[in-house]
Every structure is written in C-alpha cells, then in structure tokens.
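Undergrad: A single structure is presented below for examination.
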Amino acid sequence: DGGITQSPKYLFRKEGQNVTLSCEQNLNHDAMYWYRQDPGQGLRLIYYSQIVNDFQKGDIAEGYSVSREKKESFPLTVTSAQKNPTAFYLCASKWGAGSYEQYFGPGTRLTVT
Amino acid sequence: GQQVMQIPQYQHVQEGEDFTTYCNSSTTLSNIQWYKQRPGGHPVFLIQLVKSGEVKKQKRLTFQFGEAKKNSSLHITATQTTDVGTYFCAGSNYGQNFVFGPGTRLSVLP
C-alpha cells in the first residue's frame, strides 16, 4: 500500500526540548516537503528536498532542521530555538521538481507547553 | 515574494446552494493547483490548471484559470454535506515552489 506516513499523530513536548517528526514515503518520489499549518492559515513551507542529500530552506526555516539521507525519509527536527512550535506539521512528496501534485501525509499535531 | 490570497475566508451555505472561492496571486503563475482538506485531515489534490482561460470540470466542481494567469476560481454546484472542508489554491511560477493561499473553509448546513 503506497503512501506517506507521519508519526506520531499527536506529540507533546516541554518547552526547551528538541523533537523530531518522522516522514516516510514509499512512492519513489524524488521531492519531499515540510509544511506548517496554523489555525485559519494556509500551509507555509519550512524545508524541501529535491534529491537525496540535498535540501533547501523554505519561507519559515528558522528553528527547524532536516536531513535527507535516504530517498524515502525526510525527518524534521523542531529545535528549542523555534519560538512558536505548537502547530500541525504536514509532510508531502511529489515526482521531481516539476509541476506535479503533492501527496500529503496525515500530519503530526505538535503541542509544546 | 509571491503572495496568494483567497476569498472568502469562511462560507456557510445551505445544502443545495452553490459555492465559489476565489484565488488571487500577486504575480503571474505558470500553473495553479487546488486542494481540499477535510476537517481533521490532510490536503488532497483536486486539479491543476496551466493554460490561460482554462476551465476544467469534475462532476459538480468547476475550476477556472484567469486569462492573465493571476487568478483562479473553484465553483461547486448544489453543495452537499460531503463538500465540507477547506479549499486551498496553490500557485507556482515556472519551477518555483508552490505557494499556498490561506484557504476557504466551507460549511454546509443540511
């Protein structure tokens, strides 16, 4: 069964702790993306990767880090430097860098108190 | 940088009424995509438009790309409760990343 998985669905952390969100895809997609969604707002791009071992900052990369060591995996670390980490995080993937549809994972809702 | 706006932010309709959401970009787009996100769910791709003035239909949904390729609309005829959700447009300019609009949240009253 092909698709994108994100785990966990809900995550709770104390302020000051780093936390890593998982994103795995078995669609053989080259490009992967991390978005943040806040209530009443659209999706804002955090980081993206067009190919293994390469990634680029999106519009709101401060306080986040990523890695792309494998084609299937694109984990996102929310560091303690992120001032407002509580949000819904969505991972997406698509074929290459062209104008293709993005396939989204189910998302991880992170709450930091 | 490129900005994408959508109006209205919220729309409440009675089941059976029509619904339209509008998407406007600050820059000319090469293509525009529409996504639907059900409450508690994740965005799901609906369609992509690439040609100036293009109109595409999916059952009760009609998508249009403006002549100047800076705006787009999604029209739903005779809404049903299954149409409930937030509709996002996302625009791209020739290979750049897609920029998402803030979405229009549709509520359908039975």
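The values are calculated or read from the model by the stated rules, or taken from the named source; none is laboratory data. Everything quoted here is computed from the prediction, not taken from an experiment. Note: ideal-geometry Cβ built from the backbone for every residue, glycine included; neighbour counts use all protein chains shown. When the accessible area is computed, the model is the full protein with side chains, heavy atoms only, and any ligands, DNA or RNA have been set aside. Shrake-Rupley method; radii C 1.70, N 1.55, O 1.52, S 1.80 Å.
Undergrad: May I ask you to list the residues in region A:27-59 that are touching a strand residue (DSSP E or B) at 6+ places or on another chain (Cβ under 8 Å), assigned to a loop (DSSP other than H, G, I, E, B) and more than 9 Å from chain B (Cβ to nearest Cβ)?
TA: Once the filter is applied, which keeps residues that are touching a strand residue (DSSP E or B) at 6+ places or on another chain (Cβ under 8 Å), assigned to a loop (DSSP other than H, G, I, E, B) and more than 9 Å from chain B (Cβ to nearest Cβ), region A:27-59 yields A:Leu27, A:His29, A:Asp30, A:Asp38, A:Val52.
Undergrad: Hey, can you tell me all the residues within region A:1-60 that are under 15 Å from the mean Cα position of the chain (by Cα), under 19 Å from B:Gly41 (Cα atoms) and open to solvent by 30 Å² or more (accessible area, probe 1.4 Å)?
TA: A:Thr5, A:Ser7, A:Pro8, A:Lys9, A:Tyr10, A:Ser22, A:Glu24, A:Arg44
Undergrad: Residues of region B:35-45 being in a strand (DSSP E or B), within 9 Å of chain A (Cβ to nearest Cβ) and buried (at least 17 other Cβ atoms within 10 Å of the Cβ), which ones?
TA: B:Tyr35, B:Gln37, B:Pro43, B:Phe45
Undergrad: Could you grab the pairs with beta carbons closer than 9 Å, sequence gap of 6+ or different chains, first residue in region A:16-38 and under 24 Å from A:Ser80 (Cβ atoms), second one among the β-branched types (Val, Ile, Thr) and open to solvent by 60 Å² or more (accessible area, probe 1.4 Å)?
TA: The qualifying pairs are A:Ser22/A:Thr5; A:Cys23/A:Thr5; A:Asp38/A:Thr86.
Undergrad: Name the pairs whose Cβ atoms lie under 9 Å apart, with the first residue in region B:43-54 and closer than 14 Å to B:Lys70 by Cβ, the second of a type in the set (A, V, I, L, M, F, W, C) and surrounded by fewer than 18 Cβ atoms within 10 Å (Cβ to Cβ), and 6 or more positions between them or separate chains?
TA: B:Leu49/B:Val55; B:Ser52/B:Ala68
Undergrad: Let me ask something else. Quick one: what pairs do we get from region B:82-110, first residue farther than 26 Å from A:Phe55 by Cβ, second of a type in the set (Phe, Trp, Tyr) and open to solvent by 30 Å² or more (accessible area, probe 1.4 Å), C-beta under 9 Å, 6+ apart or different chains?
TA: Matching pairs, first to second residue: B:Thr104/B:Tyr10; B:Thr104/B:Tyr22; B:Arg105/B:Tyr10; B:Leu106/B:Tyr10; B:Ser107/B:Tyr10.
Undergrad: Go through region B:8-23 residue by residue and tally those that are surrounded by 14 or more Cβ atoms within 10 Å (Cβ to Cβ) and in contact with a Gly (Cβ under 8 Å, 6 or more places away or on another chain).
TA: Number of matching residues: 1.
Undergrad: What number of residues within region B:55-79 satisfy the criterion of being surrounded by 14 or more Cβ atoms within 10 Å (Cβ to Cβ), in contact with a Leu (Cβ under 8 Å, 6 or more places away or on another chain) and free of Cβ contacts under 8 Å to residues at least 24 places away in the same chain?
TA: Counting residues in region B:55-79 that are surrounded by 14 or more Cβ atoms within 10 Å (Cβ to Cβ), in contact with a Leu (Cβ under 8 Å, 6 or more places away or on another chain) and free of Cβ contacts under 8 Å to residues at least 24 places away in the same chain gives 4.
Undergrad: Please work out which one of (1) open to solvent by less than 60 Å² (accessible area, probe 1.4 Å); (2) within 20 Å of A:Tyr35 (Cα to Cα); (3) in a strand (DSSP E or B); (4) in contact (Cβ under 8 Å) with a residue 60 or more places away in the chain is the condition B:Met5 fails and give its number.
TA: (1)
Undergrad: Conditions: (1) touching a residue at least 24 places away in the same chain (Cβ under 8 Å); (2) closer than 23 Å to B:Val4 by Cα; (3) crowded, with 16+ Cβ neighbours inside 10 Å; (4) within 11 Å of chain B (Cβ to nearest Cβ). A:Ala97 meets all but one. Number of the miss?
TA: (3)
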